[in-house]
Amino acid sequence: MDDEADSGSAAIIGTGTVLTFHYTVRDEDSQHALETSAGGDPLTILFGQPGLLRPVQQALRGRSTGERVTVTVPPEQAFGPRRDDALKRVSKKYFGKPKSLRPGLRATLQTDSGPQTVTIVKVGGKVVDVDTNHPYSGLTVTFVIDVLSVRPASNEEIAHGHAHGPGGHRH
């Protein structure tokens with residue numbers, strides 16, 4: 001199957017297409033919804049760009065508008081296994097509002113390699129214990145994706161490497 005969009009028929013998800021969708025991510029064991037775009041704005045992406053897990057991209061390839069795609073992904077192909085060595089102790093001075101820190105809260109730290117999201121584990125007088133694991137690490141997750149639309153990407157979107165919203169995108 002050619003994964004380019006065919007202008008003579010309904011667009012099929014593949015290289016050179018823009019996909020708009022709603023999604024829900026569930027914990028495989030409890031079927032608890034970890035996050036969802038339902039009730040909010042859908043996502044619009046240039047298919048094939050970073051941001052979607054490879055197994056999710058593979059499940060979406062060849063699909064079209066109106067389809068529901070469900071794919072279950074093990075930790076090794078999703079957000080990785082939980083690592084015990086991902087617990088770190090950080091000075092409070094690295095947090096913007098240290099008085100608002102509470103266990104379970106997600107915060108972003110600026111590091112030498114860029115921003116890193118962490119989960120607060122324990123707040124002390126001068127230091128904060130944080131977990132640098134992805135919040136879904138160690139979980140088998142199920143993605144349920146409702147494909148709202150698929151269209152050929154514009155030359156500009158392909159050149160920029162991302163989808164543009166209604167009315168164009170300004171850089």
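The values are calculated or read from the model by the stated rules, or taken from the named source; none is laboratory data. Values in this document were obtained by computation on a predicted structure and should not be read as measured data. Because the Cβ atoms are built from the backbone with ideal geometry, glycine has one as well, and the counts that use them run over all protein chains shown. Quick note on the areas: whole protein, heavy atoms, side chains included, nothing else; ligands and nucleic acids left out. Shrake-Rupley method; radii C 1.70, N 1.55, O 1.52, S 1.80 Å.
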Check: When residues of segment 100-116 are filtered for being free of Cβ contacts under 8 Å to residues at least 12 places away in the same chain, assigned to a strand (DSSP E or B) and among the polar types (S, T, N, Q), how many remain?
Finding: 2
Notebook entry, point to check: Within segment 64-78, can one find any residue that is without any contact (Cβ under 8 Å) to a residue 60 or more places away in the chain, out of contact with any helix residue (DSSP H, G or I) (no Cβ under 8 Å at 6 or more places or on another chain) and within 30 Å of residue 18 (Cα to Cα)?
Noted result: yes
Next item on the list: Go through segment 117-143 and count every residue that is in contact with a Phe, Trp or Tyr (Cβ under 7 Å, 6 or more places away or on another chain), assigned to a loop (DSSP other than H, G, I, E, B) and of a type in the set (Val, Ile, Thr).
Entry: 0
Next item on the list: Within segment 46-57, track down each residue that is touching a residue at least 12 places away in the same chain (Cβ under 8 Å) and either surrounded by fewer than 18 Cβ atoms within 10 Å (Cβ to Cβ) or among the polar types (S, T, N, Q) (or both).
Entry: 49, 53, 54, 55
Check: In segment 28-44, what residues are in a strand (DSSP E or B) and free of Cβ contacts under 8 Å to residues at least 40 places away in the same chain?
Finding: 33, 35, 36, 43
Notebook entry, point to check: Pairs under 6 Å by beta carbon, first residue polar (S, T, N, Q) in segment 117-142, partner open to solvent by less than 50 Å² (accessible area, probe 1.4 Å) and assigned to a loop (DSSP other than H, G, I, E, B), six or more apart or different chains?
Noted result: 137/80; 140/74
Margin query: Among the residues in segment 5-18, are any under 21 Å from residue 139 (Cα atoms) and open to solvent by 70 Å² or more (accessible area, probe 1.4 Å)?
Written below: no
Check: Looking only at residues in segment 73-99 that are open to solvent by less than 60 Å² (accessible area, probe 1.4 Å), closer than 18 Å to residue 127 by Cβ and not in a loop (DSSP other than H, G, I, E, B), which one is modelled with the lowest pLDDT?
Finding: 98
Next item on the list: Quick one: in segment 107-161, of everything that is open to solvent by 70 Å² or more (accessible area, probe 1.4 Å) and among the aliphatic types (A, V, I, L, M), which residue is nearest to residue 67 (Cα to Cα)?
Entry: 148
Next item on the list: Look at residue 70 and say whether it is surrounded by 16 or more Cβ atoms within 10 Å (Cβ to Cβ), within 20 Å of the chain's Cα centre (by Cα) and either modelled with pLDDT under 95 or part of a strand (DSSP E or B) (or both).
Entry: no
